[in-house]
Each structure stands twice: as structure tokens, then as C-alpha cells.
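These notes concern the structure reproduced below.
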Amino acid sequence: QVQIVESGGGLVQPGESLRLSCAASGIIFSIYDMGWYRQAPGKERELVAGFTSGSRINYGDSVKGRFTISRDNAKNTVYLQMNSVKPEDTAVYYCNAKWNRYDFWGQGTQVTVSS
């Protein structure tokens, strides 16, 4: 049974940092392209950061230079380090695992940036 579980969300003030974690089980983690997406109210889900073709990394334009994705294959976990957060980063953040026709999503974790 595949499980994708996000954690680390919460309420933060503008300019602060937050680290999200995504633990995966039931898959061969090292072969999967792992990524973070987010969806704000009334908006479409968008890519935040993701690994493709193994180690290549893509970032959404709005988070470049502020967010960093990393993965620990020994722990089956992918992280999203969020620095200098802004109110517009408020969204539900979802973890995604993709390989060939297999595409799994977590339930999401809420991140709210507000003073």
C-alpha cells in the first residue's frame, strides 16, 4: 500500500522560514520523481519544486531563490525548505511521487503566511 504523508505545515509570519517533509512508503522511493505542488483558494494547483529525470530540479518562478527541495533516499523522504515566506505562499502544499504511469499524491499540509 502506497502512502505519501506530508508534515510541517502551519502558521508563519512573513519573512520567516518553514520546512515541509514528505515521507513515502510502499514505493521504490529512489526511482520516483518527487515534487511539491501547492493550491491556493480559487487557484489551480501549481508546481513549487520537483525532481525530474532523477536529479534535475525545477522550481516555480515565484519561489526561485527562496525555496529549496531536497531528498534523502535512505529515509524515503523529500523536503521543502521555505525561506523568506510571503503571504502569497499561503496554500495547501501537496507532495507528489511520479514514475512512468504511477502517480501518487499526499493529502496535503496547510501553510498560512500571515502577521
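The values are calculated or read from the model by the stated rules, or taken from the named source; none is laboratory data. Bear in mind the structure is a predicted one, so any value in this text is a computation, not a measurement. Cβ coordinates were reconstructed from backbone atoms using ideal geometry, including for glycine residues, and neighbour counts include every protein chain displayed. Heads up: the accessible areas ignore ligands, DNA and RNA and are worked out on the full protein's heavy atoms, side chains in. Shrake-Rupley method; radii C 1.70, N 1.55, O 1.52, S 1.80 Å.
Do you know which residues across the stretch 78-94 are in contact with a Leu (Cβ under 8 Å, 6 or more places away or on another chain) and either closer than 14 Å to residue 47 by Cβ or among the small types (Gly, Ala, Ser) (or both)? Correct list: 80, 93.
If you check 92, 63 for being at pLDDT 95 or above and open to solvent by less than 10 Å² (accessible area, probe 1.4 Å), only one passes: 63.
Of the residues making up the stretch 48-60, those that are on the phi < 0 side of the Ramachandran plot and either open to solvent by 80 Å² or more (accessible area, probe 1.4 Å) or polar (S, T, N, Q) (or both) number 4. One residue stands out in the stretch 1-47 among those that are in a loop (DSSP other than H, G, I, E, B) and among the hydroxyl-bearing types (Ser, Thr, Tyr): the one that is surrounded by the fewest Cβ atoms within 10 Å (Cβ to Cβ), namely 17. The listed residues are 101, 45, and the only one of them that is within 13 Å of the chain's Cα centre (by Cα) and among the charged types (D, E, K, R) turns out to be 45.
Could you tell me whether the stretch 71-81 includes any residue that is more than 20 Å from residue 10 (Cβ to Cβ), in a strand (DSSP E or B) and open to solvent by 80 Å² or more (accessible area, probe 1.4 Å)? No, that holds for no residue.
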